[in-house]
Amino acid sequence: MLSINNLNKSYGKTKVINNLNLHIKSGEIYGLIGANGAGKTTTINIICNLVKADSGNVQINQQPISAATKKIIGIAPQENLLYKTLTCTENLDFFANIYGLDKKNRQQQVQATLAAVNLLDRANSPVETLSGGMQRRLNIAVALVHQPKLVILDEPTTGLDIEARYEIWELIRQLKNQGITILLTTHLLDEAERLCNKIGILKHGQILAEGSLAELRGIIPAAEILVLQTTQETEAIACAQASGFTPRRYGKELAFWLPEPLELKEIIARFEGIKIDAIALSPVRLEHIYLEVTQKN
Ligand code: ATP
């Protein structure tokens, strides 16, 4: 569905996209994750033909980007693209018109899209009277109203409470079930874990690692991660290394990669003589993989 090959973009002397390669198959939810300034929005702007790349190529449905491919794409940008004094229906009708839908088709599509994002009962409410979560759903509806094949969601749940997030996650799953391909950017790594069947880790405009969560887990050769709180950190690290545990810092937390699953009491026995204040086990999460990949590079 989307194929990006050897893409480059600089602003002045700063290279913001650096030989980027990214491929999304039809029906996938691809999560592009990366720190602020990694190049996510620039990549999206190039895909949507809003910014021109310096070199490389982008193909959507095997066609180079052009005015025609714009119709295949729907984008929900980071900042809601809505007219606050207009109603939900008026907003959607306006954007459907821009996409060239005729009046009859527009009416039908506006209704169907409002139903899809669960806003039919607020069809005639001005946007400014909607909650933040509803506005976000309407912003996604704008991306859907012309029935695109590829939907780009730039940080779709940033700033929303957990219930509003659940609603948007459910909506994204429904889009996938309808066969729509989705490119999602997010800073919420648990969001990427929940939704995406493929994840790309972007830094300085380059994909450093890519794959399903299961494939990315292969980057960290650990069965589980142990987080330990103690005032005797140096001694704890020595004990852990003697047991084959690999030490890591996640923020200020001291953690160890355990090469095989172990019972808690067996783990505690390996730290004999150390006063342990707290101990916790966790599976290898995307945050661990992300930190490993981005800090090494
Ligand atoms: P965020 O998570 O904060 O949205 P991002 O990964 O989307 O970040 P981009 O917005 O793509 O990052 O920005 C990548 C880099 O390109 C940044 O260093 C940014 O300052 C720079 N940049 C983006 N647009 C322009 C522009 N029009 N002129 C100059 N520099 C730009």
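Using the Cβ of T41 as centre and a radius below 14 Å, the other residues enclosed give a net charge of -1, where K and R count +1 and D and E count -1. Entry note: the chain has Rg to Rh equal to 1.07, where both radii use alpha-carbon atoms and Rh is the Kirkwood radius.
Here's how it looks for T230: its modeled amide H is under 5 Å from those of D277, which are all 5 or more places away or on a different chain.
Here the Karplus relation 6.51 cos²θ - 1.76 cosθ + 1.60, evaluated at θ = phi - 60°, turns the backbone of region 25-40 into coupling constants of 7, 4, x, 7, 10, 9, x, 9, 10, x, 5, 4, x, 5, x, 5 Hz, with x for every Gly and Pro. Comparing I237, G251, G37 along the charge dipole axis of the chain, the residue lying farthest to the positive side is G37, per the Cβ-charge model. Of the residues I220, I207, I73, the one that moves most in a GNM of the chain with alpha-carbon contacts below 10 Å is I220. For region 187-232 and region 85-155, what is the separation of their C-alpha centers, rounded to whole Å? Value for the Cα centre distance between the two parts: 34 Å.
Pull up the DSSP beta bridges for the chain and report the antiparallel fraction as a percent, rounded to 5.
Numbers: 36 of 53 bridges.
Bridges in the chain that DSSP calls antiparallel: roughly 70 percent.
Relative contact order for the chain using alpha-carbon pairs under 8 Å, separation at least 6, rounded to a whole percent?
Working: 541 pairs, mean separation 60.7, N = 297.
Result for the chain is 20 percent.
Principal-axis analysis of the Cα atoms of the chain puts helix 103-116 at an angle of about 30° to the longest axis. With θ taken as phi - 60° and the Karplus curve 6.51 cos²θ - 1.76 cosθ + 1.60 applied, the whole-hertz 3J(HN,Hα) list for region 182-199 is 10, 10, 10, 10, 7, 9, 8, 5, 5, 5, 5, 4, 5, 9, 8, 8, 9, 10 Hz, x standing for glycine and proline.
Model label points for K103 and V227, set 7 angstrom from Cα along the Cα-to-Cβ axis, are 6.0 nm apart.
Quick note: the coordinates plus some simple rules give every number you see, no bench work behind them. Nothing here was measured: the structure is a model prediction, and the numbers come from that model. Cβ: placed from backbone, ideal geometry, glycine included. Neighbour counts: every protein chain shown.
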